[in-house]
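Beneath this line is the structure, given in structure tokens, with notes to follow.
The values are calculated or read from the model by the stated rules, or taken from the named source; none is laboratory data. Since the structure is predicted, the reported quantities are computational estimates derived from the model, not experimental observations. Glycine gets a Cβ as well: all are built from the backbone with ideal geometry, and neighbour counts include every protein chain shown.
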Amino acid sequence: MQTTSHILMIRPVNFTFNAETAVNNAFQSTATADPQTQALNEFDGFVQILRDNNVDVTVIDDTPEPYTPDSIFPNNWISFHDQGLICLYPMYAANRRLERKPAVLQQLAGRFHIKQTLDFSNYEEQQLYLEGTGSMVLDRDHRIAYACLSPRTDKAVLLDFCARTSYKPEIFTAVDANNLPIYHTNVMMCVADQYVVTCLDSLPDPTERDHFVNTIRSTGKTLIPITLSQMNHFAGNMLQVHNRQGERLLVMSSQAFDSLTPEQIDKLAAFNRILHSPLHTIETNGGGSARCMLAEIHLDPL
């Protein structure tokens, strides 16, 4: 199933601008005053919106040590799959590797059935990286892993993931308006159960773009394009979930929602109800948005 009602979120304790990730994340800007306090307020408000709409959110508090300023984005270091599988990933920034905290895994094991772990983190020794469902946007129904290559998304690691999880890779190059590589695939596209939101203008190679579009169309999903400007407002960084009643919900930040046209909103609302929450501090300091904060748990509860 493409969606789940179970979500992992990590409550930050040391959130701030991370200089180690800013070297290749053009979505980060300079730090704001007291980002931890502001980010915590945004995080708690976001969790409340999800819970008010009957989404099951597992919140785990981060710890002051080791120092992990980006722990609010757990989907980069862990992903969850059917049949009790979890995957751990190699991270570009040294201080992000510390987010793979045993205590987090222990708490998850107390709530969900974990039967197998695939650990790709040893690729860090070769300086090769694949940052989870940031680097890959998964079509779970059709077993397709969409991935734009970048310093954080290595082809060899991607192919290893696909071989070991029976996914088919859809590999391409994507750039922003300044012709810089887009650091994570999940800022330029979102795959839902019946549609795909994506910024086709970010694919400069016509052959790759045609193949990309044809792959999406082969799944029978409706393609909903966004512009480079909308992508810069995190309109690609969405995640479809469902709640306890089985209702589909599309989750995004308020900045992303406000960038959409009425026509785009109508198209998306025809498939699912839209939820959005203000995440300005997290977006400007962290360079990630709503989807980056959500690690979808495709495991059976205990």
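Just to be sure I understand, how many residues within region 132-141 are out of contact with any strand residue (DSSP E or B) (no Cβ under 8 Å at 6 or more places or on another chain) and surrounded by 19 or more Cβ atoms within 10 Å (Cβ to Cβ)?
Adding up the residues that qualify gives 1.
Let's see how each residue does on (1) surrounded by fewer than 18 Cβ atoms within 10 Å (Cβ to Cβ); (2) at pLDDT 95 or above:
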residue: L85; (1), (2): yes, yes
residue: R96; (1), (2): no, no
residue: L108; (1), (2): no, yes
residue: R111; (1), (2): yes, yes
residue: I114; (1), (2): yes, yes
residue: D119; (1), (2): yes, yes
residue: L130; (1), (2): no, yes
residue: R143; (1), (2): yes, yes
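Restricting to region 125-140, name every residue that is touching a residue at least 24 places away in the same chain (Cβ under 8 Å) and either more than 20 Å from the chain's Cα centre (by Cα) or assigned to a loop (DSSP other than H, G, I, E, B) (or both).
Correct list: L128, Y129, E131, M136, R140.
Among the listed residues T58, T3, identify the single one that is part of a loop (DSSP other than H, G, I, E, B), in contact with a His (Cβ under 8 Å, 6 or more places away or on another chain) and either surrounded by 14 or more Cβ atoms within 10 Å (Cβ to Cβ) or modelled with pLDDT of 85 or more (or both). Talk me through it step by step, then tell me what you get.
Details: T58 fails: part of a loop (DSSP other than H, G, I, E, B).
Matching residue, one of T58, T3: T3.
Considering each residue of region 84-124, count those that are outside any loop (DSSP other than H, G, I, E, B) and either within 21 Å of A156 (Cα to Cα) or touching a residue at least 60 places away in the same chain (Cβ under 8 Å) (or both), and give that number. Working first, answer last.
Looking only at region 84-124, we keep the residues that are outside any loop (DSSP other than H, G, I, E, B), and these are 84-88, 94-97, 102-109, 112, 116-119, 121-124.
This time we only want the ones that are either within 21 Å of A156 (Cα to Cα) or touching a residue at least 60 places away in the same chain (Cβ under 8 Å) (or both), so: 84-88, 94-97, 104, 108, 112, 117-119, 121-124.
Result for region 84-124: 19.
Test N18 against the criterion of being out of contact with any His (no Cβ under 9 Å at 6 or more places or on another chain) and at pLDDT below 95, and give yes or no. Spell out how you get there, then give the answer.
Values: out of contact with any His (no Cβ under 9 Å at 6 or more places or on another chain): yes; at pLDDT below 95: yes.
Yes: the conditions hold for N18.
Identify all residues within region 61-83 that are out of contact with any His (no Cβ under 6 Å at 6 or more places or on another chain), crowded, with 17+ Cβ neighbours inside 10 Å and either in a strand (DSSP E or B) or among the charged types (D, E, K, R) (or both); write none if there are none.
Step one: filter region 61-83 for residues out of contact with any His (no Cβ under 6 Å at 6 or more places or on another chain), giving 61-79, 83.
Next, from what is left, pick out any that are crowded, with 17+ Cβ neighbours inside 10 Å: 62, 68-79.
The answer is D62, D70, I78, S79.
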